Amino acid sequence: MSEFDLPAQAAAVRSALAVHGIRRALAMLNDRTQYRYTAIYKLSGDSLKAEHVFDRASEYRTWLKAVPLEKSFCQHVIEQGEFATSHVSKDRSLVSYRPYVGLVESYYGRLLTRDSGTPYGTFIHFDLEPRTIDEEEVAFLQQVTPMFLDYLE
């Protein structure tokens with residue numbers, strides 16, 4: 001992750017979206033972190049569906065395709081606008097998420113909201129291993145994640 005010329009890096013994400021599409025832009029953002037997965041999940045009733053996923057290991061698993069909202073970390077993103085946990089199995093506040101222990105160990109998510117204020121879903125980084133995200137990267141994501149909305153149905 002580079003701290004140099006953030007406006008140029010944001011422009012690079014915008015260009016990747018316009019020229020190469022969402023997957024390439026997700027790959028760019030994933031490369032800035034240690035997380036294995038970077039994804040966009042769409043809110044659909046009482047569940048979230050994976051619309052776009054980048055898997056650093058290129059082994060995308062079907063268990064990631066849809067999750068019930070009430071069992072997802074994304075529910076906190078939708079309520080709070082942003083949510084992060086670096087070590088699910090050691091986070092006592094996430095006791096009710098034990099089914100995800102061993103599947104998702106770290107998570108960072110941001111709410112994606114339409115201009116009308118309606119939530120589209122979430123932009124997330126997550127991994128099977130403990131991970132953290134730097135505050136500088138969070139600030140960068142606050143700038144660039146809204147760009148994705150122009151390319152989502």
remark   = Computed, not fitted: 222 nm per-residue ellipticity of the chain from DSSP H runs ≥ 4 (each -39500 (n - 2.57)), nearest 500, equal to -8000 deg cm²/dmol
key: Dimensionless Rg ratio for the chain, taking C-alpha atoms and the 2.2 N^0.38 Å reference   = 0.98
key: Ranked order, MET28, MET147 - accessible area, probe 1.4 Å, largest first   = MET28, MET147
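What number comes out for the charge environment of ASP31, summing +1 per Lys or Arg and -1 per Asp or Glu over other residues with Cβ under 11 Å away?
Every neighbour counted, the sum reads +3.
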ask   = Can you put PHE123, PHE54 in order of accessible area, largest first, using a 1.4 Å probe?
value = PHE54, PHE123
remark   = The helix 6-20 Cα axis meets the longest alpha-carbon principal axis of the chain at an angle in degrees, between 0 and 90 and rounded to 10, of 90 degrees
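The values are calculated or read from the model by the stated rules, or taken from the named source; none is laboratory data. Computed from a prediction, not measured in an experiment: that's the story for all the values here. When we count neighbours, we look across all protein chains shown, and the Cβ atoms used for this are built from the backbone with ideal geometry, even at glycine. The area values use the complete protein model at the heavy-atom level, side chains included, leaving out ligands, DNA and RNA. Shrake-Rupley method; radii C 1.70, N 1.55, O 1.52, S 1.80 Å.
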